[in-house]
Structures are given as structure tokens and as C-alpha cells.
Amino acid sequence: MWLQGDKSRALDFNGIIVYQLGCCAMMQGGIDAALKHLQEAKVISSIHKDTHPAKYARCLLKLSKALRQVPGREAEAD
């Protein structure tokens, strides 16, 4: 997986970009794509949560909102 090999994917800047992709997909109604991007952004931001806790919290909030739109996955949003 990319966390074990090339570390460039784990850079904070990439996490921001992936988060924005998830937000755009969610606004366009692509919940599956939004979930994919937001979950990846959550992984990246969790690496940096000690130095950037607000970015991590923002990812969790948006991921929670996306999960609430998927029938049967509302419990995961909590």
C-alpha cells in the first residue's frame, strides 16, 4: 500500500486535494466517489492530526455527512 512505499501520497497537501475531490463529488451527487476520496483524505489527515487537528476534524465531519446519505450506513456516520 502507498503508506508503506512512496511517502508522497501521505503529504498534507495531497490530503487537502483528495478532500476537495471528495467535496466536489459529493456536491455533484457522486456519493460513492465522495466516500472513496473522503476515506482516503481521512487516512492522510490522520497522519497529520497532531499538527493539524482541524483538518482531521473537517475530514471526519464531511465523511460523516456523506455516510448519512447512504442507506444502511447511517450508523457508521456516528
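The values are calculated or read from the model by the stated rules, or taken from the named source; none is laboratory data. Since the model is a prediction, treat every value here as computed from it, not as a measurement. Please note: Cβ atoms are built from the backbone with ideal geometry, for glycine as well, and neighbour counts cover all protein chains shown.
Filter segment 65-78 for residues that are acidic (Asp, Glu) and outside any loop (DSSP other than H, G, I, E, B) and give the result.
Going residue by residue through segment 65-78, those that are acidic (Asp, Glu) are 74, 76, 78.
Correct list: Glu74, Glu76.
Scanning segment 48-78 for residues that are modelled with pLDDT under 90 and either of a type in the set (A, V, I, L, M) or within 9 Å of the chain's Cα centre (by Cα) (or both) returns Val70, Ala75, Ala77. Contact map, segment 47-64: first residue part of a loop (DSSP other than H, G, I, E, B), second residue surrounded by 12 or more Cβ atoms within 10 Å (Cβ to Cβ) and not aliphatic (A, V, I, L, M), Cβ cut-off under 6 Å, separation 6 or more or different chains; pairs are His48/Asp12; Lys49/Tyr56. Name, by its number, the condition in (1) in a helix (DSSP H, G or I); (2) modelled with pLDDT of 90 or more; (3) not aromatic (Phe, Trp, Tyr) that does not hold for Gly29. The failed condition is (1). Note on segment 1-25: residues that are at pLDDT below 95, aliphatic (A, V, I, L, M) and assigned to a helix (DSSP H, G or I) total 4. For segment 43-61, the tally of residues that are surrounded by 20 or more Cβ atoms within 10 Å (Cβ to Cβ) and under 13 Å from Ile17 (Cα atoms) stands at 3.
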